[in-house]
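Below is one structure, written out as structure tokens; the observations come after it.
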There are 2 protein chains.
Amino acid sequence: MRVSAKADYAVRAAAELAASPDGPVKGERLADSQDIPLQFLEHILLDLKHSGIVRARRGAKGGYWLAKPAEEVSIAEVIRAVEGPIAHVQSAPPESITYTGSAKELQNVWIAVRASLREVLESTSLADLVSGELPEHVRELADDKDAWQPR
Amino acid sequence: MRVSAKADYAVRAAAELAASPDGPVKGERLADSQDIPLQFLEHILLDLKHSGIVRARRGAKGGYWLAKPAEEVSIAEVIRAVEGPIAHVQSAPPESITYTGSAKELQNVWIAVRASLREVLESTSLADLVSGELPEHVRELADDKDAWQPR
DNA sequence: GATTCTGCTGACCGATTTGATCGCGAAATA
DNA sequence: TATTTCGCGATCAAATCGGTCAGCAGAATC
């Protein structure tokens, strides 16, 4: 249940694109501004391109830009583009697993886990992220003092 | 953002223990009933023992049992025992990360992600799991038809 | 048309993690 | 003492992670 460097980088790069609405942004500038290794970032941007989140042009005056308005791109989409489906269990989607005996209800728990992740990640768009205006229920989760407590 | 085999196994084994309240249960029986490789499971049970969730005795009549009542053991505890902290980002806790530029708000998102995971995993005890009486908000998440939709 | 710029892409790399097995020692019981 | 069962480190193959390298393919500029 951890967030990989790749996913973190991807969201940050996408946020940077969302904040630069006009014209292509060079990979190098994204790498610099978010302190991400350039060549690693290029692979990530390629993933984002393949899943239709980003578009790109080569050559002088080339670079990357969002394929859709930042309001229409959720953080969940970005993460899925680089990490694949969210909240898989043993590499399988929770709805496809059946448990037996005392663990019968476990499937419902994993489904709930996925649903709660989705509630946060699908409701938050890149526009929300760069503007700082997170959806209300996300803000409430983040504002809870207990949520900042390590465990 | 995936659930490892180890975590899945750990919760299932713990559920099996929660459902066998009297006396020690042999590793072999746990492995059989939940279809988990025995020797792998033994390592997992050792982790659970080290974190005080389970106790064990060797020899004939030996086996494993819960160190606490099943009502007092959350699924979150079990997962932490085998996987470490939940929802770390790049192997660091989200509260320790600071982002710059357009990604400044990202920390709040990761905090919210962790909080939402905790809301599910800390509120659900092994007793809830084996009885099938999941906490209301967990049940609501799992009952939403959209939550069963793959993506 | 040649050059330069920049993205595209596959190959590769070392370290770590994952999912597991083996073997043996140490308790507990009979 | 023999048997049972857990404790635990060693080892292992495969996958993943985080990242680098090198060369090709378009796009713009001169």
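Rolling a 1.4 Å probe over the protein heavy atoms of segment A:1-89, with every protein chain left in place, gives an accessible area that is 47 percent carbon and sulfur.
Among residues of chain B, the one whose Cβ lies closest to the rotation axis carrying chain B onto chain A, together with that distance rounded to whole Å, is B:Ser116, 2. If you sort B:Asp32, B:Asp22, B:Asp8 by accessible surface, 1.4 Å probe, largest first, the order is B:Asp22, B:Asp32, B:Asp8.
For chain A, what is the calculated [θ] at 222 nm in deg cm²/dmol (nearest 500), taking -39500 (n - 2.57) for each run of four or more DSSP H residues and dividing by its residue count?
Details: 7 runs with 74 residues, N = 151.
The per-residue figure over chain A is -14500 deg cm²/dmol.
Annotated for the protein assembly as shown: lysine pairs at least 8 residues apart or interchain, Cα distance under 24 Å, count 27. Considering all different alpha carbon pairs of segment B:5-148, the Kirkwood hydrodynamic radius works out to 16.7 Å.
Shown here for segment A:56-85: trypsin sites (Lys or Arg not before Pro) in loop regions (DSSP other than H, G, I, E, B) with at most 16 other Cβ atoms within 10 Å, namely A:Arg58, A:Lys61.
Summing +1 for each Lys or Arg and -1 for each Asp or Glu among the other residues whose beta-carbon sits under 10 angstrom from that of A:Gln90 gives +1.
Quick one: net charge of A:Ile53's neighbours, Cβ under 12 Å, K/R +1, D/E -1?
On the way: positive: A:Lys49, A:Arg55, A:Lys68, A:Arg80; negative: A:Asp47, A:Glu72, A:Glu77.
In short, +1.
The contact between chain A and chain B removes approximately 5600 Å² from the accessible area (both sides summed; 1.4 Å probe; ligands, DNA and RNA excluded).
The mean accessible area for residues of the protein assembly as shown, using a 1.4 Å probe and ignoring ligands and nucleic acids, is 47 Å² per residue. Which net charge results when you count Lys and Arg as +1 and Asp and Glu as -1 among the other residues whose beta-carbon is under 14 Å from that of A:Asp35? With Lys, Arg at +1 and Asp, Glu at -1, the neighbours total -1. Based on C-alpha pairs under 8 angstrom that are at least 6 apart in sequence, segment A:18-151 has a relative contact order of 22 percent. Applying the Karplus relation 6.51 cos²θ - 1.76 cosθ + 1.60 with θ = phi - 60° to segment A:21-34 yields 3J(HN,Hα) values of x, 9, x, x, 10, 5, x, 4, 5, 4, 4, 5, 5, 10 Hz, where x marks Gly and Pro. Shown here is the pair-distance distribution of the protein assembly as shown: with all Cα-Cα distances grouped in 10 Å bins from zero up to the longest one, the shares run 6, 27, 29, 20, 12, 5, 1, 0 percent.
Taking all protein chains as shown and a probe of 1.4 angstrom, A:Phe40 keeps an accessible surface of around 90 Å².
The values are calculated or read from the model by the stated rules, or taken from the named source; none is laboratory data. No experiment lies behind these values; they were computed from the predicted model shown. Positions of Cβ are generated from backbone atoms using ideal geometry, with glycine treated the same way; all protein chains shown enter the neighbour counts. For accessibility, only protein heavy atoms count, side chains too; no ligands or nucleic acids. Shrake-Rupley method; radii C 1.70, N 1.55, O 1.52, S 1.80 Å.
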